[in-house]
Structure formats: C-alpha cells, structure tokens
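Remarks on the structure that follows.
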Amino acid sequence: MKFEITKTDTNTRARAGVLQTDHGPIQTPIFMPVGTVGSVKGVHQHELSHDIQAQIILGNTYHLYLRPTMHIMEQAKGLHNFMGWQKPILTDSGGYQVFSLAANRKLTEEGATFRSHIDGSKHLFTPESVMDIERTIGADIMMAFDECPPYPSDYKYAKNSMELTHRWLTRCIKRFNETEPHYGHQQALFPIVQGSTYLDLRRQSSEFVAEQGMDGNAIGGLSVGEPAEMMYEMLDLCTSILPADKPRYLMGVGTPVNILEGIALGTDMFDCVMPTRNGRNGMIFTSEGIINIKNKKWENDFSPLDPNGTSYVDTDYSRAYVRHLMVAGERLAGQICSIHNLAFYLWLVAEARKNILEGTFSVWKTSMVQKLQTRL
RNA sequence: GUGGAUGUAGCUCAGUCGGUUAGAGCAUUGGUUUGUGGUUCCAAGGGUCGUGGGUUCGAGCCCCAUCUUCCACC
C-alpha cells in the first residue's frame with residue numbers, strides 16, 4: 001500500500017498526501033465515517049459516495065463477526081460486495097469493544113473472551129482469529145487486535161496492557177503474513193500504539209510499533225475520557241516517533257477541533273461516531289459553530305440548515321423544518337443531521353488539505369478553531 | 001329529574017390508616033454524546049389537589065354545599 005506525501009506544512013507538522021489502495025486513492029488528511037455493521041447509520045451508500053464524498057468507511061470486526069457472521073460474509077465475497085461499496089474500507093479489530101463491553105470481558109494471554117450483546121453467547125477473540133475474520137471481511141486496511149485500557153489506568157495496568165498489546169501485535173503480524181487476501185485485492189495491517197496517558201509508555205509503544213515496518217500506524221487508547229490537552233501531549237509524542245513516510249491514524253477522534261489539532265500534530269486519518277451519533281440527537285457542526293437543532297430558538301428560523309454547507313440537505317431544508325422533524329421524533333431528522341455532519345467533517349479535512357497545499361494551514365486553523373467552538 | 005361515578009402538572013394517571021417539601025410516564029426547556037449494545041443519557045421548569053365552607057393539632061384523603069364531566073334509569 002503506497003503513501004505519498006504531497007506537501008508538509010512549514011509551521012506545523014501537518015501533511016497532505018495520498019494513500020493508494022486497490023479500491024482507489026484516499027486523499028489525506030481524511031475523516032472516515034463509521035459503518036459498524038456494514039451501514040453508516042441513517043445514510044445510504046449512494047449518499048456517502050455522491051453527496052458526502054466519503055473516500056473510505058469503517059466496518060467493525062466484532063459486530064460483523066456476530067452478525068451476519070463470517071459464514072455469510074464469505075458467501076457474499078466480502079463486505080465491499082455485501083454492502084455495495086466499492087471504495088476503501090477499514091475494519092476495526094474489536095479491541096475497543098473488549099474495552100467498551102468491560103463488564104463481560106475476560107482477558108488472557110491467549111485473547112479476549114466476551115459475551116455477545118445480541119444473544120449472550122460466549123466467544124473468544126485471539127490475534128489469529130481476528131486476522132482471519134478481517135481477511136474474510138476483506139477490508140483494505142485491517143487493524144491489529146489490541147487492548148484499549150480505560151482512563152484513568154494506573155501505571156502498572158497500563159504497562160501490562162501495553163505489553164500484552166505488543167505480544168498480540170507480533171502474533172497478528174505473523175498470522176497476517178501467513179495468510180492471503182480472499183478476494184484478490186491487497187490488504188494492509190496497521191498496528192496500534194497504546195500506553196494510556198504515560199509518556200514513557202507511549203514512547204516505548206510508538207518505537208515498538210514503528211519497528212514493525214507496516215504500511216501505516218495507528219494511535220489508540222486516546223479520547224477515552226482524558227482531558228484534551230493530555231490527548232494532544234500523548235499524540236505529539238507518538239507522531240514524533242512514528243515513521244513520517246507512513247500514514248498515521250488517530251483512532252476514535254473526535255470533535256472538529258480535535259481533528260484540526262490532530263492534523264497539526266501530523267496525523268492523517270481519523271474516525272469517530274460523533275457526526276452520526278450526535279447528528280441523530282440533533283447536534284449539528286458547522287463552520288460558524290455548533291447548533292443544537294432541538295432548541296426552541298430555531299422553531300421559526302426558516303433560513304437554510306447551513307448556508308455555508310456543501311451537502312444538498314444544507315440548502316434544501318430549513319432549521320425550522322429539521323427542528324420540527326427532530327421534535328416529532330421523525331427518523332428523517334437524524335438522517336438529515338447525519339448527512340450534514342458527515343459532509344461537514346469531510347469538508348473540514350478537505351479544507352485542511354487545501355490549506356496545507358497552499359501553505360496557509362496554520363493561519364486557517366487558528367481562525368477555524370475559534371469558530372468551531374462557538375455555540376449558535 | 002333520580003341514582004351512581006368523576007375532578008390532582010400541558011396530557012394520562014398514582015397518592016397507603018388523615019401525618020415531613022403532593023409523585024410518575026409522556027410533553028416542554030436546557031445540557032450531554034469521541035476505534036457506535038443508542039430515536040442515548042442527565043437535569044430543570046411546571047400544582048390555589050374543581051370551588052366554598054366545616055371537622056381536626058394536622059385534610060389531596062373525612063363531612064356539607066355547589067359546579068364540571070361521564071354513565072344508567074325515568
């Protein structure tokens with residue numbers, strides 16, 4: 001998997017590049033909409049590709065393994081064919097679900113046992129089985145199986161967890177190298193840096209990950225409740241160690257401001273449920289600030305949802321109408337807001353890219369961060 | 001007209017033997033949401049307990065009158 005950096009910013013560590021996959025190029029920095037079960041909640045694939053112009057989406061190993069199961073995935077000849085999406089896909093490994101389903105988890109050296117949230121049945125994920133599952137799903141980018149420790153974690157827990165993640169990574173890479181793609185297109189494996197909120201662990205983990213020489217590298221275990229400044233401090237260190245000529249992926253982040261800060265620190269890829277989840281609950285991100293469309297003040301505001309927006313929903317529908325749909329509990333409200341938010345996130349990273357290429361990123365970012373935090 | 005039932009938050013209703021500041025759901029208002037168990041979660045505002053008397057240390061609750069709405073029968 002080839003990654004070419006077109007330009008690196010002079011004032012920050014931001015870069016603009018292109019990541020080539022067998023399902024097409026990804027222009028970085030990029031935001032990747034989350035499509036956990038083979039569906040970005042409330043948004044059609046057609047809208048994703050045509051209206052939002054998403055370049056890559058996520059699928060989730062944990063969820064797809066439980067349903068529809070790998071038996072179906074194999075028959076469907078992979079997730080691309082199954083869901084009718086011929087652009088790149090990245091699959092999360094299920095490591096985060098082990099963390100978020102902590103009540104039911106049990107970690108051993110071998111792997112993680114957990115109970116299905118669907119029927120309560122017991123399952124075991126190992127680095128090897130997760131690699132096999134991600135091969136079957138057929139993602140262009142597969143994520144290593146890791147443990148995502150909660151915040152706060154004490155030093156000892158964080159260290160043991162990181163070391164376990166490293167041993168699992170070695171097994172992931174071994175299995176990855178011993179197996180072939182099922183559907184003819186190339187797959188990459190990205191390892192994940194852990195280390196909680198401890199700089200020396202983050203350094204150690206970044207170095208270990210960098211040594212593996214994979215096509216791209218991820219930073220996990222952040223945005224799990226720690227202060228934003230702490231996240232930036234960890235990210236700053238990780239990106240200073242991870243190879244500059246490979247894409248860097250900050251997992252699960254975040255707010256529009258988080259993403260701009262992440263780009264400035266040399267991160268190229270982001271994913272987050274925020275635009276879709278918050279959209280379903282009526283929070284709209286715009287270039288002028290944040291709107292809670294449920295608020296009464298929009299009741300008779302017939303101006304466009306977002307006059308500066310790039311999606312058709314921004315000009316076709318008024319704030320009053322979307323508020324009405326939201327208050328009435330209509331599903332269309334969440335769909336409109338999800339489409340808007342995803343389009344906005346994609347616009348934001350495209351705009352960041354443009355400014356990096358034009359050498360104006362730093363100035364643009366400063367003014368943008370200011371506006372993004374405004375509440376309308 | 002007679003008999004019975006009913007009246008408590010915007011709506012639908014709880015409210016024990018008469019006892020602390022009358023509660024719930026929905027609705028309203030605001031906040032929340034970070035590698036998606038999610039139309040999420042949290043909180044706030046909102047009351048002359050139909051009205052007027054009475055009994056009692058104390059009444060949403062007991063007594064009297066009156067009004068509202070509903071039902072049945074003339």
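Taking region A:347-375 as the range and being in contact with a helix residue (DSSP H, G or I) (Cβ under 9 Å, 6 or more places away or on another chain) and closer than 14 Å to A:Pro256 by Cβ as the test, the residues that pass are A:Leu348, A:Val349, A:Glu351, A:Ala352, A:Trp364, A:Lys365, A:Met368, A:Val369, A:Leu372, A:Gln373.
Among the residues making up region A:326-343, those that are open to solvent by 10 Å² or more (accessible area, probe 1.4 Å) and more than 9 Å from RNA strand B (Cβ to nearest atom) are A:Leu332, A:Gln335.
Here's the yes/no breakdown for (1) of a type outside the set (D, E, K, R); (2) under 19 Å from A:Asn60 (Cβ atoms):
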residue: A:Glu74; (1), (2): no, yes
residue: A:Gln97; (1), (2): yes, yes
residue: A:Ser100; (1), (2): yes, yes
residue: A:Gly111; (1), (2): yes, yes
residue: A:Ser116; (1), (2): yes, yes
residue: A:Asp119; (1), (2): no, yes
residue: A:Tyr151; (1), (2): yes, no
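So is A:Ile5 of a type in the set (Val, Ile, Thr), open to solvent by less than 10 Å² (accessible area, probe 1.4 Å) and either at negative phi or in contact (Cβ under 8 Å) with a residue 40 or more places away in the chain (or both) or not? So A:Ile5 fails the test. Put simply, of A:Ile173, A:Ile141, A:Ile192 the only residue that is β-branched (Val, Ile, Thr) and either more than 13 Å from RNA strand B (Cβ to nearest atom) or surrounded by fewer than 23 Cβ atoms within 10 Å (Cβ to Cβ) (or both) is A:Ile173. Summed over region A:280-306, the residues that are more than 8 Å from RNA strand B (Cβ to nearest atom) and within 26 Å of A:Ile89 (Cβ to Cβ) give a count of 1. Whenever a residue of region A:279-291 is farther than 20 Å from A:Leu332 by Cα and polar (S, T, N, Q), its partners that are away from RNA strand B (no atom under 11 Å from the Cβ) and open to solvent by 10 Å² or more (accessible area, probe 1.4 Å), lying with C-beta atoms within less than 7 angstrom and at least six residues away or across chains, give the pairs A:Ser287/A:Asn308; A:Ser287/A:Lys371. Pairing each residue of region A:313-339 that is in contact (Cβ under 8 Å) with a residue 24 or more places away in the chain and under 21 Å from A:Val273 (Cβ atoms) with any residue that is assigned to a helix (DSSP H, G or I) and open to solvent by 60 Å² or more (accessible area, probe 1.4 Å), provided the two are 6+ apart or on different chains, yields C-beta distances under 6 Å for A:Gly334/A:Arg280. Only one entry of A:Leu66, A:Leu58 meets the criterion of being more than 18 Å from the chain's Cα centre (by Cα) and under 30 Å from A:Pro127 (Cβ atoms), and that entry is A:Leu66. Scanning region A:285-322 for residues that are more than 21 Å from A:Tyr345 (Cβ to Cβ) and open to solvent by 80 Å² or more (accessible area, probe 1.4 Å) yields A:Lys296, A:Lys297, A:Glu299, A:Asn300, A:Phe302, A:Tyr321.
For beta carbons closer than 6 Å, sequence separation of 6+ or different chains, a first residue in region A:296-308 that is assigned to a loop (DSSP other than H, G, I, E, B) and a second that is open to solvent by less than 50 Å² (accessible area, probe 1.4 Å) and among the small types (Gly, Ala, Ser), the qualifying pairs are A:Asn300/A:Ala320; A:Asp301/A:Ala320; A:Phe302/A:Ser318; A:Phe302/A:Ala320; A:Asn308/A:Ser287.
Can you find a residue in region A:327-337 that is part of a loop (DSSP other than H, G, I, E, B) and modelled with pLDDT of 95 or more? There is no residue in region A:327-337 that is part of a loop (DSSP other than H, G, I, E, B) and modelled with pLDDT of 95 or more.
If only residues of region A:225-250 that are open to solvent by less than 30 Å² (accessible area, probe 1.4 Å) and within 11 Å of RNA strand B (Cβ to nearest atom) are counted, the one that is nearest to A:Tyr151 (Cα to Cα) is A:Glu226.
The values are calculated or read from the model by the stated rules, or taken from the named source; none is laboratory data. What you see is a predicted model; the values in this text were computed from it and never measured. With ideal geometry, Cβ positions are generated from the backbone for all residues, glycine too; neighbour counts draw on all protein chains shown. Keep in mind that these areas ignore ligands, DNA and RNA; they rest on the heavy atoms of the full protein, side chains included. Shrake-Rupley method; radii C 1.70, N 1.55, O 1.52, S 1.80 Å.
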